[in-house]
Amino acid sequence: MKHTFKAQVNWTINKGESTSNPRTFSRNHKVTIANKVSDLSVSAAKTFRGDDTLYNPEDLLLSALASCHMMSYLYICAQHNIEVLSYTDDAEGDLEVLASGSGSFKIVRLKPVVTIKNETQKELAQSLHSKANQLCFIANSCNFPILHEAIIQVE
């Protein structure tokens, strides 16, 4: 079954700017997705002359990956009757930029801290991160390793 997602990107040059000099033009733009509460204000990362207070494509890729993994993990836990009480992930990704200006993510480390209710399910809860990775649409679209450094706690 095919699903199509759409996003609109809007950028306009500011008065006095020129795109002929890559150091001077604004990287700030809006991303609009139909039927969503609000637009996203996006820029380049600060390293690439962007506005550090706005989201950047690298932030969005990492957050999409972490969010998709979490939803896949919660789904697979529900299938195994594991009651998850909380889930927090401090994900990190390493981007390598070449002298040519191109680059790519080389690795992402997901670091979920998951709190479950039942002590006897701790080992199973830990093992389900690999199954969640197999289900995650975003992870399946990536060409770099995704590590899972999960910690399972019991409350």
Taking the range 102-134 and keeping residues among the hydrophobic types (A, V, I, L, M, F, W, C), crowded, with 18+ Cβ neighbours inside 10 Å and assigned to a strand (DSSP E or B) leaves F105, V108, L110, V114, I116
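When you check I146 against the structure, is it within 15 Å of the chain's Cα centre (by Cα) and loosely packed, with under 14 Cβ neighbours inside 10 Å, yes or no? Give the derivation first.
Numbers: within 15 Å of the chain's Cα centre (by Cα): yes; loosely packed, with under 14 Cβ neighbours inside 10 Å: no.
Criteria not met by I146.
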List pairs: first residue in the range 126-155 and of a type in the set (F, W, Y) and at pLDDT 95 or above, second residue loosely packed, with under 15 Cβ neighbours inside 10 Å and outside any loop (DSSP other than H, G, I, E, B) anywhere in the structure, Cβ distance under 8 angstrom, at least six positions apart or on different chains. F144/S104; F144/K106; F144/I107
Report yes if D90 is open to solvent by 40 Å² or more (accessible area, probe 1.4 Å), under 13 Å from the mean Cα position of the chain (by Cα) and over 21 Å from V154 (Cα atoms), otherwise no. no
Could you tell me whether any residue of the range 14-26 is in contact (Cβ under 8 Å) with a residue 12 or more places away in the chain and touching a strand residue (DSSP E or B) at 6+ places or on another chain (Cβ under 8 Å)? no
Checklist (1) among the hydrophobic types (A, V, I, L, M, F, W, C); (2) over 22 Å from K131 (Cβ atoms); (3) in contact (Cβ under 8 Å) with a residue 40 or more places away in the chain applied to I82, failing item: (2)
Please state which one of S63, S26, S41 is within 30 Å of A125 (Cα to Cα) and surrounded by 11 or more Cβ atoms within 10 Å (Cβ to Cβ). S63
Can you work out which of the residues in the range 44-60 that are of a type outside the set (F, W, Y) and open to solvent by 60 Å² or more (accessible area, probe 1.4 Å) is nearest to R109 (Cα to Cα)? D59
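The values are calculated or read from the model by the stated rules, or taken from the named source; none is laboratory data. Note that the structure is a prediction, hence the values are computed from the model and not measured. Glycine gets a Cβ as well: all are built from the backbone with ideal geometry, and neighbour counts include every protein chain shown. With ligands, DNA and RNA removed, areas are computed over all heavy atoms of the protein, side chains included. Shrake-Rupley method; radii C 1.70, N 1.55, O 1.52, S 1.80 Å.
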